[in-house]
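Have a look at the structure below, then the notes.
The values are calculated or read from the model by the stated rules, or taken from the named source; none is laboratory data. Remember, predicted model here, so these are calculated numbers, not experimental data. For neighbour counting, all protein chains shown are included, and Cβ atoms are generated from backbone atoms with ideal geometry for every residue, glycine included.
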Amino acid sequence: MTELVLPNDANPLGNILGGKVMHLMDIAGALAAARHSRRVCVTASVDSIDFLHPIRVGEAIQVVAQVTDAGRTSMEVQVDVYSENLRTGQRRHTATAFFTFVALDERGQPTPVPAVIAETPEERRRQAEARRRRQARLARVGRLVEEQAEPAQGPGRTADVPARRPASGPVGDGEAAGGGDRP
Ligand SMILES: CC(C)(COP(=O)(O)OP(=O)(O)OC[C@H]1O[C@@H](n2cnc3c(N)ncnc32)[C@H](O)[C@@H]1OP(=O)(O)O)[C@@H](O)C(=O)NCCC(=O)NCCS
């Protein structure tokens with residue numbers, strides 16, 4: 001997802017507002033989650049976000065999202081933000097955050113999502129890290145007890161929805177397959 005940073009999105013210094021960046025991250029993450037689950041997804045949690053560099057008015061902001069792992073009804077989505085100087089082409093990584101989205105059914109209740117099939121070493125690394133973050137996240141909100149009896153297929157998972165490969169690449173612009181967009 002790429003947008004031109006306009007003056008209305010900026011603070012008096014001409015840098016994009018953090019809230020605008022978070023909004024775009026939420027949208028890109030929700031798209032990746034919806035593409036993985038083919039459900040309406042709501043944001044359940046966002047891990048911390050650090051803004052590493054300002055993005056200036058007149059630069060492009062690119063938001064890239066990818067499903068890293070799925071629980072029973074929730075998915076972790078990694079969202080990365082980049083700035084691009086449109087004159088020089090310089091591209092900088094400016095933020096990363098891990099979002100948790102929950103898929104809802106027609107009645108607005110959490111509903112099972114496909115497991116993530118991690119095949120490449122990179123996908124397996126991302127998935128293992130996602131599972132460690134999930135443990136920490138659920139401990140923080142007092143839900144870890146439910147995780148202790150984790151079945152072999154993955155966190156909180158039952159085999160009621162077919163598993164799915166994650167996106168073959170990160171989510172940016174253009175068409176996506178299985179929870180990701182390409183830049
Ligand atoms: C997210 C929400 C649907 C979860 O409802 P719930 O009654 O706790 O549902 P469940 O207990 O069945 O949990 C559903 C999943 O959410 C996960 N979850 C719930 N709260 C969470 C949190 N704070 N952080 C991470 N995961 C969370 C659970 O671990 C579970 O995942 P799993 O099925 O993969 O194991 C509900 O809290 C909600 O609607 N929140 C508001 C969402 C919203 O409107 N967001 C936009 C901003 S306000």
Subset of the stretch 132-141 that is among the charged types (D, E, K, R) and within 11 Å of the ligand (Cβ to nearest atom) - its residue that is surrounded by the most Cβ atoms within 10 Å (Cβ to Cβ): Arg134
Residue satisfying all of: in the stretch 81-95; out of contact with any helix residue (DSSP H, G or I) (no Cβ under 9 Å at 6 or more places or on another chain) and assigned to a strand (DSSP E or B); surrounded by the most Cβ atoms within 10 Å (Cβ to Cβ) among these: Ser83
Long-range neighbours under 7 Å by Cβ, at least six apart or interchain, first residue surrounded by fewer than 16 Cβ atoms within 10 Å (Cβ to Cβ) within the stretch 31-44, second at pLDDT below 95 and of a type in the set (Gly, Ala, Ser): none
Verdict on Leu144 being surrounded by fewer than 18 Cβ atoms within 10 Å (Cβ to Cβ), hydrophobic (A, V, I, L, M, F, W, C), farther than 21 Å from Ser37 by Cα and at pLDDT 95 or above: no
